[in-house]
Amino acid sequence: MPTAAKFPAAGAIQNFALTSGFNFSAPRMAVDWEGRRLFLYNTGTSLMQVNSLDTWAVTTAPTATGSFASGMQFGVDGNLYGVTLATNCGKLHKVDPTALGTDVATFGNASSGFGTTASTWAFPNDFDTVQGSGSAFLVSASVVANVHEVTVLNLTTMAWGGRNLTTDQGNGVVSRGSPNGSPQAFVVCANNPSTFLSLYQVLVSDLPNFVRVASIPAASINANWTHVSRLAALLLDETDGNVILHLTEDALQGWASSTSYSVGALVSSVGHDWQGLTASNLNNPPATSPSNWLDLGVSGPVEPRIVKISVASGAILWSVVLQATVPGVAPGLMQQSRIRFGLYCFFDNAVGPGSGLYNFHQIRTGSGIDTPQVLNNIQATWQFFDDSEGYLVMSCAYTQTSPPPPIPNGATPSSFAGAATLGSVTPPFQPAGGVAVLRGARVRLISNTVPGLSIVPPQ
């Protein structure tokens with residue numbers, strides 16, 4: 001077991017499993033860090049395969065399976081979980097990862113209406129799995145704003161025990177954790193948009209306990225923020241049991257005289273952001289209608305941030321502004337990152353100091369200090385990272401143009417879109433075949449020979 005965080009070697013693109021007949025375009029991904037397996041689901045052809053993180057070889061051929069386009073996780077109980085959605089409900093599939101394409105069990109009835117019952121499961125926005133006392137549980141948040149639901153399912157029995165929990169806001173993101181040895185999940189909720197976040201704690205036992213920890217004003221994230229627009233992902237920092245959140249403040253829609261606004265509605269007008277105070281609020285200009293609108297102040301900057309939140313108090317421990325949000329990241333992907341030694345790495349798609357240059361962030365989670373690298377012509381979307389070994393797994397696109405990207409390894413094509421990673425520029429690169437994953441520096445860090453790139457020593 002490593003005793004320090006490992007930075008990825010960011011010098012070369014690893015080669016891809018182009019001979020497997022699997023189309024990597026826009027894949028859903030899940031990872032089994034202990035079993036060293038990467039699960040890939042293709043959203044276009046409903047195929048899935050498994051690759052070894054150590055050999056990069058295909059261990060399971062593409063197999064017909066249910067559509068997991070709406071979410072996929074490797075559970076703490078060793079099963080793979082995927083979500084299919086209908087108009088009003090989701091269906092949860094429990095799959096033996098050694099027998100892809102066959103459900104061990106399912107939960108949910110995709111033809112029923114909103115709300116979780118003994119046979120249905122509301123439209124999930126995000127979910128994660130937690131190991132309780134004798135059973136594994138799934139904790140999910142609903143995307144349905146008027147439901148404001150957090151649901152706890154027993155994965156061992158695939159049964160709902162009546163734990164349909166109500167929050168004060170919708171649109172939640174979920175992450176698991178076991179601070180102080182107590183199995184639990186954390187849920188952060190915010191309406192889209194909202195002037196505050198809500199942090200909840202779900203203690204998992206035979207009867208899960210649901211606690212609202214804190215209400216977090218947008219201004220505590222950044223003094224110039226009036227609201228939060230989007231929650232992208234939530235993940236656990238295992239070094240101290242606190243959580244890390246990707247979120248964005250976008251510009252509010254402009255006030256319109258023809259629109260009737262409800263209490264709590266958020267709009268922009270005359271350079272300020274405003275919150276509605278009354279129902280059926282029609283044709284009342286915010287700047288001249290103080291009884292109808294609360295002035296939130298000058299409209300804040302349009303920016304994404306990554307923040308660390310105390311699960312004990314909801315306090316913001318640090319906040320780092322990003323040049324661009326991580327695009328295409330669906331809840332349930334970045335939370336599969338594993339932070340055990342205080343390092344978190346990921347791409348954003350901000351164009352850096354030159355055309356085709358993108359930021360690869362390296363954040364020390366204790367302090368929030370970010371030392372981003374600038375990489376050429378690599379646009380990464382869905383991704384997750386393990387700081388124990390320095391692995392970064394991602395869905396990306398790159399083109400080998402000028403300026404060149406990191407050097408291709410082996411049979412890597414000059415342009416590609418799909419599941420990929422970075423690797424070392426120093427041979428051996430990896431065994432032939434298999435999907436590409438990032439192999440971190442296990443024993444020592446290797447000097448990077450690509451101009452403009454550098455490797456920071458591990459902390």
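Every number in this text was worked out from the coordinates using simple rules, so none of it is lab data. Since the model is a prediction, treat every value here as computed from it, not as a measurement. Positions of Cβ are generated from backbone atoms using ideal geometry, with glycine treated the same way; all protein chains shown enter the neighbour counts.
Quote the FRET efficiency, to the nearest 0.05, computed for D240 versus S205 with a Förster distance R0 of 22 Å and r equal to the Cβ-Cβ distance.
Numbers: r = 23 Å, r/R0 = 1.05.
FRET efficiency, D240 to S205: 0.45.
Could you list I363, I316, I244 in order of exposure, starting from the residue whose Cβ has the fewest other Cβ atoms within 10 Å? Spell out each step's value before the answer.
Values: I363 22, I316 19, I244 25.
The fewest-first ordering by Cβ neighbours comes to I316, I363, I244.
Name the residues whose placed amide hydrogens come within less than 5 Å of the amide hydrogen of G264, ignoring near sequence neighbours (fewer than 5 apart) on the same chain.
When sequence neighbours closer than 5 places are left aside, the close amide H contacts are G276, L277, T278.
Which whole-Hz ³J(HN,Hα) couplings does region 166-172 yield from phi under the Karplus relation 6.51 cos²θ - 1.76 cosθ + 1.60, θ = phi - 60°, glycine and proline marked x?
After applying 6.51 cos²θ - 1.76 cosθ + 1.60, I find 9, 9, 7, 9, x, 6, x Hz.
Could you calculate the FRET efficiency of S258 with R212 from 1/(1 + (r/R0)^6), where r is the beta carbon distance between them and R0 is 30 Å, rounded to 0.05? Intermediate values should be presented prior to the final figure.
Values: r = 37 Å, r/R0 = 1.24.
About 0.20, to the nearest 0.05.
For V187, V302, V143, V243, what ranking results if the residue with the fewest other Cβ atoms within 10 Å of its Cβ goes first?
Working: V187 26, V302 11, V143 18, V243 23.
With the fewest neighbours first, V187, V302, V143, V243 line up as V302, V143, V243, V187.
So between V270 and S133, what do we pick up on full extension, going 0.36 nm a residue minus the alpha carbon distance? Don't skip to the end; give the middle numbers.
Numbers: separation 137, 0.36 × 137 = 49.32 nm, distance 5.53 nm.
Full extension of this stretch gives 43.8 nm more.
Give a residue-ordered list of calculated ³J(HN,Hα) values for region 278-289 (Karplus: 6.51 cos²θ - 1.76 cosθ + 1.60, θ = phi - 60°; whole Hz; x for Gly, Pro).
Per residue, the Karplus-derived 3J(HN,Hα) values read 10, 7, 6, 8, 10, 6, 10, x, x, 5, 10, 10 Hz.
N191's amide H: which non-local residues (gap 5+, or another chain) put their own amide H closer than 5 Å, with H modeled 1.01 Å from N in plane and none for Pro or chain starts?
G170
Among M72, M29, M48, which comes first, second and so on when ranked by fewest other beta-carbon atoms within 10 Å?
M29, M72, M48
Can you work out ³J(HN,Hα) from phi for every residue in region 359-368, in order, using Karplus 6.51 cos²θ - 1.76 cosθ + 1.60 and θ = phi - 60°, giving whole Hz and x for Gly and Pro?
Values, residue by residue: 8, 10, 7, 9, 9, 7, 6, x, 10, x Hz.
Going by amide H atoms built from the backbone, whose H comes under 5 Å of the H on A105, apart from near neighbours?
K94
List the aspartates and glutamates whose Cα lies under 12 Å from the Cα of K91, skipping any in the same chain that are fewer than 8 positions away.
D103
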